[in-house]
1. For segment 97-117, state whether one or more residues are surrounded by fewer than 20 Cβ atoms within 10 Å (Cβ to Cβ), touching a residue at least 12 places away in the same chain (Cβ under 8 Å) and closer than 20 Å to Thr47 by Cα.
2. Take the residues of segment 148-170 that are open to solvent by 20 Å² or more (accessible area, probe 1.4 Å) and among the aliphatic types (A, V, I, L, M): which is farthest from Lys91 (Cα to Cα)?
3. Criterion first (at positive phi, touching a residue at least 12 places away in the same chain (Cβ under 8 Å) and either open to solvent by 60 Å² or more (accessible area, probe 1.4 Å) or in contact with an Asp or Glu (Cβ under 7 Å, 6 or more places away or on another chain) (or both)) does Asp134 satisfy it?
4. Quick one: is Ala92 of a type in the set (Gly, Ala, Ser), in contact with a Lys or Arg (Cβ under 8 Å, 6 or more places away or on another chain) and open to solvent by less than 30 Å² (accessible area, probe 1.4 Å)?
5. Which one is surrounded by the most Cβ atoms within 10 Å (Cβ to Cβ) among residues in segment 190-210 that are touching an Asp or Glu at 6+ places or on another chain (Cβ under 8 Å) and of a type in the set (Lys, Arg)?
6. Can you go through Gly66, Gly44, Gly70 and tell me which one is crowded, with 22+ Cβ neighbours inside 10 Å and out of contact with any helix residue (DSSP H, G or I) (no Cβ under 9 Å at 6 or more places or on another chain)?
7. When you go through (1) free of Cβ contacts under 8 Å to residues at least 60 places away in the same chain; (2) within 16 Å of Val204 (Cα to Cα); (3) open to solvent by 40 Å² or more (accessible area, probe 1.4 Å) one by one for Asn123, which number turns out not to apply?
8. In segment 47-63, is there at least one residue being closer than 21 Å to Lys115 by Cα and crowded, with 20+ Cβ neighbours inside 10 Å?
Amino acid sequence: MLRQLALLSLALVPGSLAQVSEGFENGWDQSAWPTYAPDCSQGGKVTLDTSNAHSGKNSMRVDGGGGYCGHIFFGTSKVPSGNVYVRAWIKASKALTAAHVTFITMPDSAQGNKKHLRIGGQNSILMFNRESDDATLPDLSPQGVATSAALPAGSWQCFEYHLGPDGTIETWLNDKVITGLTSKPGTANPNAAQWQRSSIKPKVTAINFGWESYGGDTNTFWYDDIVISSTRVGCS
């Protein structure tokens, strides 16, 4: 009941505030949530899963292949102007490893044509990656790695992030701030040296959920109860 009230309240606010609220209970609308696989696609698969969900009965399942061309995503171009908040319940079949992978990718016009702002993992922790210069947030030093968090496997996790028009990035896992995945103009972050050496302010044009591996890692991810908004939603 609480979830239904929350979704109703999101549906009633102006479109500039709540762009998307989707639990896939009416199935997979492929016109609203098309697949995305730039350059090539070999081995990845997106399906509607009617047996595994965070709430209700449906979720989106992504079986990601190894190697770059094993990538596959599904997503939406309904992105707010200004502040962008994304909340998704995510379930990974396997823990992140030392290899570099992506499970959310966003075309970013601030970086240039065909460049992406990416969220994924490396060194077994969550991180942002800027494709144009391969910078990571946090730095992948021992100190930087310690400021991030692992993504628990085998259970649903609430993942949320904020992209601000001034270049701000904030990230939460199960409503807890991940300090290593935080960057704010004028605020010192000793573990964001790579990230903050650039003046690029992300301007994403779509948000895509799935899997991309730059080595041989494969994984299965599920996504449910996705909200894209101009204000923070939280996990409740």
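1. Within segment 97-117 (the criterion being surrounded by fewer than 20 Cβ atoms within 10 Å (Cβ to Cβ), touching a residue at least 12 places away in the same chain (Cβ under 8 Å) and closer than 20 Å to Thr47 by Cα), the answer is no, since none of the residues qualifies.
2. Ala149
3. No; evaluated as a whole, the condition is false for this residue.
4. Working: of a type in the set (Gly, Ala, Ser): yes; in contact with a Lys or Arg (Cβ under 8 Å, 6 or more places away or on another chain): no; open to solvent by less than 30 Å² (accessible area, probe 1.4 Å): yes.
No.
5. Of everything passing the filter in segment 190-210, Lys203 is surrounded by the most Cβ atoms within 10 Å (Cβ to Cβ).
6. Working: Gly66 fails: crowded, with 22+ Cβ neighbours inside 10 Å; Gly44 fails: out of contact with any helix residue (DSSP H, G or I) (no Cβ under 9 Å at 6 or more places or on another chain).
Testing whether each residue is crowded, with 22+ Cβ neighbours inside 10 Å and out of contact with any helix residue (DSSP H, G or I) (no Cβ under 9 Å at 6 or more places or on another chain) leaves just Gly70.
7. (2)
8. At the first step, the residues of segment 47-63 found to be closer than 21 Å to Lys115 by Cα are none.
No, there is no match, as no residue in segment 47-63 is closer than 21 Å to Lys115 by Cα and crowded, with 20+ Cβ neighbours inside 10 Å.
The values are calculated or read from the model by the stated rules, or taken from the named source; none is laboratory data. Just so it is clear, the structure is predicted and the values come from calculations on it, not from any experiment. Quick reminder, even Gly has a Cβ in these numbers, built from the backbone with ideal geometry, and neighbours come from all protein chains shown. Surface accessibility is based on the protein's heavy atoms, side chains included, excluding ligands, DNA and RNA. Shrake-Rupley method; radii C 1.70, N 1.55, O 1.52, S 1.80 Å.
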